[in-house]
Amino acid sequence: MSFNKIKALEIGWDQCTAFNVDSAPELYQAIKAEHQDTNGVYLVLSHPCSLLHPSYNVEENLEYILGHVVNECLANNMYGKNPRLFDITCSSTNVTYRFNQNYRGFISRKKLDESNVCSFVLSETNRTDIKRWMSNRYIASALPDKFDLRTGSLRNKLKTLYSKEVGKLCRSVYLLIDEPTKDLDDANSYNISIFYTLSNTSYDLMCNEEDSDVSRFEVFLNKVSELFKKVNGIELNKTAFISESNLTLEQLNNSKFIKWNLDYISLGKVDSELAEPIQ
């Protein structure tokens with residue numbers, strides 16, 4: 001018995017397509033009891049080469065993640081910033097789901113080419129965010145314990161700053177740090193630069209404000225700099241915004257350029273929420 005790839009493609013199966021109890025009851029029954037949710041949606045995580053492989057002997061299973069229905073998206077759980085949770089609203093149904101890394105599992109593919117996908121559809125941008133969120137789970141770099149201790153006093157203050165206005169538009173935070181692995185003694189400081197990524201729309205908004213008397217983006221960076229001046233053992237050399245489209249592979253491959261996963265901080269909001277001037 002071989003997998004019917006052509007039929008599966010015609011149905012719509014691919015990485016980041018989804019099913020639920022109604023669209024694919026046989027797949028649903030194969031899910032372990034603690035992951036079964038009749039109101040939930042199951043997103044396929046398997047790469048297409050695995051998901052649609054013709055041999056069950058080579059690729060027996062597919063990987064899924066469960067999304068529970070929630071009332072609204074939390075800013076901290078959007079865009080893949082939280083390494084454990086991912087909130088997203090389905091445009092076709094207007095239902096919001098929260099995907100949790102604790103609700104991942106594997107089931108047999110043997111009924112996949114006889115099962116239907118459901119109406120949960122992700123945009124290409126959302127698919128990219130989901131894939132990046134999953135990969136960051138494995139490739140994210142840990143910062144030195146001493147760095148975490150020295151910046152610990154900033155957490156609540158940064159949380160407040162990042163939950164307002166410009167901070168809500170930041171999709172991720174990157175550090176350029178001179179000693180990414182060493183625990184420095186008290187006589188030595190970490191030298192860092194902080195880069196906040198923006199969507200192209202938000203970055204254009206920032207550029208349009210550069211000629212104004214007061215740029216909200218510049219005010220945000222100044223506030224970050226002021227916070228770090230009060231921290232011993234951290235030398236902040238630079239803060240800046242960069243467009244996600246201008247983030248280079250050279251930067252991402254630099255061992256000293258590290259994504260700072262601040263899952264306790266609220267980041268990210270839709271661009272339209274900063275369309276009007278702040279009073």
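The values are calculated or read from the model by the stated rules, or taken from the named source; none is laboratory data. If you're wondering where the values come from, they're calculated on a predicted model, not measured in any experiment. All Cβ positions, glycine included, derive from the backbone under ideal geometry; neighbour counts span all protein chains shown.
Against the list (1) surrounded by fewer than 18 Cβ atoms within 10 Å (Cβ to Cβ); (2) farther than 21 Å from residue 245 by Cα, the condition residue 147 fails is (1). What about residue 203, is it modelled with pLDDT of 85 or more, of a type in the set (Phe, Trp, Tyr) and surrounded by 15 or more Cβ atoms within 10 Å (Cβ to Cβ)? Yes: the conditions hold for residue 203.
Here residue 50 does not qualify as on the phi < 0 side of the Ramachandran plot, of a type in the set (Ser, Thr, Tyr), at pLDDT below 90 and not assigned by TED's automatic domain parsing to the domain that holds residue 165.
Looking only at residues of the range 170-200 that are aliphatic (A, V, I, L, M) and either touching a Phe, Trp or Tyr at 6+ places or on another chain (Cβ under 6 Å) or closer than 20 Å to residue 226 by Cα (or both), we find that the one that is surrounded by the fewest Cβ atoms within 10 Å (Cβ to Cβ) is 176. Out of (1) surrounded by 15 or more Cβ atoms within 10 Å (Cβ to Cβ); (2) assigned to a helix (DSSP H, G or I), the odd one out for residue 138 is which? So residue 138 meets the others, but not (1).
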